[in-house]
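Down below is the structure, laid out as structure tokens.
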Amino acid sequence: QVRLVESGGGLVQAGGSLRLSCAASGSIFSFTIMRWYRQGPGKQREWVASISSGGSTNYVDSVKGRFTISRDSTENTVYLQMNSLKPEDTAVYHCNGASSRGAVWGQGTQVTVSS
């Protein structure tokens, strides 16, 4: 089974940027769609962005225009570029890969945005 490992989280001031990475142990095209989710303190897990195997992208309204999901098939990595970060973006960010065989989750990476 392909495993997913996130990295790139950290502490940043409001208005700053971070780029999260989700590295797959195999081909990212083994997944039909890959998504980023986040779970803030005291909040339910929330879908943030997705990219299909065909390259189509979608975003939750709260991050549109600020976040960009992309992929590098040669590196088997999916990225989440986060700009203009806000304190409400503080959360643990998880990468998810889904296919007909089921879903795979990474362990998550913490993003903290200070005001």
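The values are calculated or read from the model by the stated rules, or taken from the named source; none is laboratory data. These numbers were taken from a predicted model, which means no experiment stands behind them. Here the Cβ positions follow ideal geometry from the backbone for every residue, glycine too, while neighbour counts run over all protein chains shown. Just so you know, the surface numbers come from the protein's heavy atoms only, side chains and all, with ligands and any DNA or RNA stripped out. Shrake-Rupley method; radii C 1.70, N 1.55, O 1.52, S 1.80 Å.
Some observations on this one:
- Assigned charges on the beta-carbon of Lys, Arg, Asp, Glu; the chain dipole about Cα centre (debye): 140
- The three principal axes of the C-alpha atoms in the chain carry coordinate ranges of 40, 25, 23 Å, sorted with the longest axis first.
- At a probe radius of 1.4 angstrom, the accessible area of the range 1-71 per residue rounds to 54 square angstrom.
- Protein accessible area in the chain, 1.4 Å probe - carbon and sulfur %: 45
- The packing ranking of peptides 55-68, 20-33, highest mean first, is 20-33, 55-68, where packing means the average number of other beta carbon atoms within 10 angstrom of each residue.
- When the surface is traced with a 1.4 Å probe over the full set of protein chains, residue 88 keeps roughly 110 Å² accessible.
- Per-residue packing, averaged as other Cβ atoms within 10 Å, sorts the ranges 104-110, 74-80, 34-40 into the order 34-40, 74-80, 104-110, beginning with the highest.
- Spin-label model, residue 19/residue 88: points 7 Å from Cα along the beta carbon direction are separated by 2.7 nm.
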